[in-house]
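Input: a single structure, listed below in structure tokens.
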Amino acid sequence: MTIFRREKEETAAMGLSVVPLELEDFETLPLHSRRCVFWEVDRTGGSPAIDTVITGGDRRTDSAGPESEFDKEAWLSGLLLEWGVCCQVAVEPTTGRVVGAAFYSPPGRVPRAQHFPTAPVGADAVLLTTIRMEPGFESESTALLDAVVADLVRRGVRAVEAFGFSGDDESLAMDLVTLLLGSGLAADVCRRCILPTRLLTDFGFEVVADDPYLPRLRLELDEGLGWKSQVERALRKLVETPPAEMLADPISQPVTCSAARSSANV
């Protein structure tokens, strides 16, 4: 697996590293992230692979959503070729195991997005579709969000949007979501691949199209606002853990903040 040997810029977070996914490393994705095509395949389309799964009996009672590894790899391959990086993965370094993945794309390449009641996504925005963490790593989802934002800022994207889920697993909420997104077919909806609204608002997203269950949220990137959470976390670390050289040399020259002030004014 080359993904763990590549010399790439990595984002460390609580022992995890975050790197862009390349097509050759598709099989390193966790099983659900590798197979679920809730976002990528239109339920009204004519894909034989996905049709077989959706109508394949009552085994799909766990709301896992439609699955087709063939369709997911084909979607990823086409998007990587035409648009570039569209997935960030979190790697547990001691085992080399991928423990999380975040997918994002131009909204026109995400057929499911048009079925949300708060669609369409802004014309100047990239759509963050889902972040999936393996059990035990759920609290590290913000590391993937940071990596997505950093990538989009470097590419000059103005904003990132996402659809949130504001309900819980109560039957009414799930029935409504199934009706809206799956035409009443539970096997065609993956609740686990819709981001919790709270996760998005905690990161700094703001609701731009409200809905009791499926709001659309937006994070502006054109003025650096997407870096807010990263800057705040970096400052907290600086305050809580002074640099070792400063502690060892009390007579050292004072550190100026001119560079920080210049960065803040960019």
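The values are calculated or read from the model by the stated rules, or taken from the named source; none is laboratory data. What you see is a predicted model; the values in this text were computed from it and never measured. FYI the Cβ positions are ideal-geometry reconstructions off the backbone, even for glycines, and counts take in every protein chain you see. Surface areas here come from the heavy atoms of the whole protein model, side chains and all, with no ligands, DNA or RNA. Shrake-Rupley method; radii C 1.70, N 1.55, O 1.52, S 1.80 Å.
Relative contact order for segment 108-207: what is it in percent, counting Cα pairs under 8 Å that are at least 6 residues apart?
Numbers: 83 pairs, mean separation 31.8, N = 100.
Result for segment 108-207 is 32 percent.
Where both partners of a DSSP beta bridge lie in segment 75-208, what percent of those bridges are antiparallel, to the nearest 5?
Rounded to the nearest five, the antiparallel share is 70 percent.
Using a Förster distance of 45 angstrom, determine the FRET efficiency expected from the C-beta separation of R154 and L180, and round it to 0.05.
On the way: r = 35 Å, r/R0 = 0.77.
In this case the efficiency is close to 0.80.
Would you please put 77-83, 194-200 in order of how densely packed they are, using the mean number of other Cβ atoms within 10 angstrom per residue and starting with the highest?
On the way: 77-83: 13.9, 194-200: 19.6.
Ranking, from highest mean packing down: 194-200, 77-83.
In nm, give the distance between the simple-model label positions of E220 and R192, each being 7 Å from the Cα along the Cα-to-Cβ direction.
Output for this residue pair reads 3.7 nm.
What accessible area per residue comes out for segment 148-208, rounded to a whole number of Å², with a 1.4 Å probe?
Values: 2700 Å² over 61 residues.
Value returned for segment 148-208: 44 Å² of accessible area per residue.
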